[in-house]
Amino acid sequence: MFGLNKRDTGLIAIVTVLVILAPFILNPFPEGSAMAQFNAGYPDLMQRFVIFGIFAIGFNLLFGLTGYLSFGHAAFLGVGSYGAIWMLKLFSLNVIPSIIMGVIVAGIFALAVGFVSLRRSGIYFSILTLAFAQMSYALAYSVLTPITGGETGLQIKSTDSPLLSNLEPGEIGRASLFGLDMRSSFEIEMGDWLFTFNTGYYLAGIVMILAFYLAIRITRSPFGMMLRAIKSNQQRLNYTGLNARPYTLAVFVISGMYAGLAGGLMVAMDTQVGPERMFWTASGEVVLMTILGGAGTLIGPVLGAGFIKYMENIISKINKGILEQWFAFMPDGIEDLLITLVYPFVGKGWHLTLGLMFMAVVIFLPGGLVEGGQRIGRVFRRRDRKSEHAEADAAKQRNTPAE
Amino acid sequence: MGILEVKNVGKRFGGLQALNDVNLSVAENSVHAIIGPNGAGKSTLLNCFVGKLIPDTGSVMFDGQSVLGRKPYEINQMGISRVFQTPEIFADLTVMENMMIPCFAKRDGAFRMHAIESIPNEKDIIAKAEHMLEDMNLSDHRDMHAASMSRGDKRRLEIAMCLAQDPRLLLLDEPTAGMARADTNNTIDLLKRIKDERDITIAIIEHDMHVVFSLAERITVLAQGTPLVEDTPDNIKGHPKVREAYLGETQTAA
Ligand SMILES: Nc1ncnc2c1ncn2[C@@H]1O[C@H](COP(=O)(O)OP(=O)(O)O)[C@@H](O)[C@H]1O
Ligand SMILES: [Mg+2]
């Protein structure tokens, strides 16, 4: 369907269902219960899941297919965000032109960075992209303050009066989609459960599904095959009459545009930007997401992004008080011991948990979470086959007359 | 005028004069062998033809056009394909994908942004790639990863990939090195068939004299970076200088 084979159609169908039902799926625990801590179905976090999903899908097109490891991708996200917020401030409060501007600006910037960085490969390429990103960060902080707002960044102010909107004097504009406020939510109460359906989330979710679909098409195209060939043996590619440079540059720009799309959506959700969005740790994070989920796989980056954002937002909020609550039923001595043992891994220590899990994945599951899933799947299938064999054997025995 | 004209080519690596005043003319639609002891500069010479190396002096003309200063992919698009001493294939791709890539390169040139098209719709490419696999007896491996094939199959795949581009000049660097006798004979038969079926010029570097004398119409003997003689196989066999420098090494020693 839509030019996809059966398996890919299935994959995108699953992703679509998950995105639509996320407010339910991510809120499995009733409000006020001890486990409500683990609910992730609130708009802020759900938006982050899908937006970072887009960022990681785009990063994976470059890294997963060609093997070129960019260490400066957050710069494109940041530049896209700046482009998007200026559209909101000056042109229209409608998020569509703003997001499009984010994509365009990031694409142009990626063209320039890629043109220079792709002259080298391997570690030198990574370092060049890192250098560009850190330069952008430093510039956004200092010289470019008139455009970037420096340290405080940019947000929509009461003095902004976009060309295409008729705000009252002093009114602070709100980002919207043809009048639908991005921040508006619709809540359903069902017994002890509270589900929130947020406009911004659903916009970002639909965009992610489209971005995912496009990524599948690119991966399965002749262009995608050339990119995998570049990763596999660039020498053979050159001696087969193909010029690797425009291929890598094209995917670098596409990947930068995905980052710009993510940056534009971020602005559409919270109408603010700061330079920290371009800091090198943000570039490192998307690398982690992609590898953790499974570089080169289709769904991996989305899983990785969801996983890391969940850790960052949920595990990091667990504090001593919550631990005490959990372990209260234990005898005092054991309770204290457990709290002491668990505490370094939660709250501010969530990075430690993430680091350990990342190491475990890289060492034991080089294909990331996707490989983990496949292995589990294979175990089940083998068990199925075994029981089939057993049945078949039994059937055979039944058919062979007893001696 | 040959299809490949090499004039006064010299190449120096530090203190080593790897090629010295090499002149060579490869006639169109012939099989031309370049032989010589290890380190004679045979691979270096081939590298100068395909843009991997640029000679210090001299000229290399293919079909009347200079190849010097052009990128490897440009030289390939001019009609020169090369098989390497150790098979160079796309190890992580399937055999079929390996076969399709040169077909795309032939049809679409050095770059085309076909990012939304779907591979199953590329009927002409698929037909051509499948035909080549069939022709080379590789159809059984169609959906295998190329990395998991035997060395002999990898070599055949590499040759098939080069042929899929319908090159005018095919360069082979020791295609039978490290092969068992049976595989070597299969390769000889394959190359003979290619030569009979196509309008193609083949330049082959080879160590194995059996291969050389079964295929070549002309032979150039290279020693220490300089051509010693160039002649027909029969004359080369009896040539005193050649016997001395190369073929007769063992006899002289005895
Ligand atoms: N890239 C290089 N740098 C330095 N020396 C080289 C290089 N390539 C080849 N040589 C040297 O040039 C000489 C010829 O090598 P080569 O052309 O590979 O010989 P062969 O005839 O065995 O193929 C050898 O002595 C080799 O060590
Ligand atoms: Mg050699």
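Accessible surface buried at the A:B interface totals approximately 2800 Å², computed with a 1.4 Å probe on protein heavy atoms.
Rounded to the nearest 500, the helix-only mean residue ellipticity at 222 nm of chain A stands at -22000 deg cm²/dmol, with each DSSP H run of n ≥ 4 adding -39,500 (n - 2.57).
Within the stretch B:105-135, the residues that become at least 40 Å² less accessible when every protein chain is included than when their own chain is isolated (1.4 Å probe; DNA, RNA and ligands ignored) are B:Ala110, B:Phe111, B:Met113, B:His114, B:Ala115, B:Ile116, B:Ile119.
Using the rule -39500 (n - 2.57) for each DSSP H run of four or more residues, divided by the residues of chain B, the 222 nm mean residue ellipticity is -10500 deg cm²/dmol. The GluC sites (Glu not before Pro) of the stretch A:283-370 include none that DSSP puts in a loop with a beta carbon having at most 14 other beta carbons within 10 Å.
Give the accessible surface of chain B per residue, rounded to a whole number of Å², with probe radius 1.4 Å and ligands, DNA and RNA excluded. For chain B, the solvent-accessible area averages 43 Å² per residue. Computed from the C-beta positions of A:Glu187 and A:Phe2 and an R0 of 25 Å, the FRET efficiency is 0.15 to the nearest 0.05. Exposed loop trypsin sites (Lys or Arg not before Pro) only (DSSP loop, at most 15 other Cβ atoms within 10 Å): please give the longest stretch of chain A free of them, not including the sites. My reading of the result: A:184-403 is the longest stretch. Figure legend: label point modelled 7 angstrom from the Cα of A:Ala34 along Cα→Cβ; residues of the stretch A:331-351 with amide N under 12 Å from it are A:331. Counting, for every residue in B:159-172, the Cβ atoms of other protein chains within 10 Å of its Cβ and taking the mean gives 1. Charges were assigned to the Cβ only: +1 to each Lys and Arg, -1 to each Asp and Glu. The resulting dipole of chain A about its Cα centre is roughly 1980 debye. Note on A:Ala131/A:Ile104: beta-carbon distance plugged into 1/(1 + (r/R0)^6) with R0 of 22 Å gives a FRET efficiency of 0.40.
In the stretch B:87-101, burial by the other protein chains removes 50 Å² or more of 1.4 Å probe accessible surface, compared with the chain on its own, from B:Glu88, B:Phe90, B:Leu93, B:Ile101.
Size descriptors for the stretch A:96-192, from the alpha-carbon set: Rg then Dmax equal 19.7, 60 Å.
Average accessible surface for the stretch A:6-299: 40 Å² per residue, computed with a 1.4 Å probe over protein heavy atoms with every protein chain in place. A full extension of the chain between B:Ala177 and B:Val229 corresponds to an added length of 16.4 nm, given 0.36 nm per residue minus the alpha carbon distance.
Expressed as a whole percentage, what fraction of the accessible surface of the stretch A:6-299 belongs to carbon and sulfur atoms when a 1.4 Å probe is rolled over the protein heavy atoms?
After summing per-atom areas, the C and S share lands at 68 percent.
Who wins for biggest fluctuation among B:Lys192, B:Lys123, B:Lys42 in a Gaussian network model of chain B, springs between alpha carbons below 10 Å? Comparing B:Lys192, B:Lys123, B:Lys42 in a Gaussian network model of chain B, the most mobile one is B:Lys123. Normalised by 2.2 N^0.38 Å, where N counts its residues, the alpha-carbon radius of gyration of the protein assembly as shown equals 1.23. Gap in Å between the Cα centre of the stretch B:71-93 and the Cα centre of the stretch B:121-188? Each part reduced to its Cα centre gives a spacing of 13 Å.
With all protein chains in place and a 1.4 Å probe, the accessible surface of the stretch B:4-247 carries 48 percent carbon and sulfur.
An oblate overall shape is assigned to the stretch A:6-299, the ratio a/c of its alpha-carbon gyration tensor axes (a ≥ b ≥ c) being 1.5 or greater and a/b not exceeding b/c.
Computed from label points 7 Å out along Cα-Cβ, the spacing between B:Lys52 and B:His210 is 2.6 nm. Treating each Cα of chain B as one equal point scatterer and applying the Debye formula with no solvent, the log10 of I(q)/I(0) at q = 0.17 Å⁻¹ comes out as -1.35. As a calculated quantity, the FRET efficiency between A:Leu338 and A:Arg120 at R0 = 51 Å, using C-beta atoms, amounts to about 0.50. Hey, how many Å between the Cα centroid of the stretch A:45-61 and the Cα centroid of the stretch B:207-224? Measuring centre to centre over Cα atoms gives 59 Å. The relative contact order of the stretch B:4-247 comes to 29 percent, based on Cα pairs under 8 Å that sit 6 or more residues apart. When you restrict to C-alpha pairs under 8 Å that are six or more residues apart and normalise by the size of chain A, the relative contact order lands at 26 percent. Taking chain B as a Gaussian network of alpha-carbon nodes connected by springs under 10 Å, the highest mean-square fluctuation of the residues B:Gly178, B:Gly14, B:Gly238 belongs to B:Gly14.
The values are calculated or read from the model by the stated rules, or taken from the named source; none is laboratory data. If you're wondering where the values come from, they're calculated on a predicted model, not measured in any experiment. Glycine gets a Cβ as well: all are built from the backbone with ideal geometry, and neighbour counts include every protein chain shown. The protein model used for the area step is the full one, side chains on, heavy atoms only, and it has no ligands, DNA or RNA in it. Shrake-Rupley method; radii C 1.70, N 1.55, O 1.52, S 1.80 Å.
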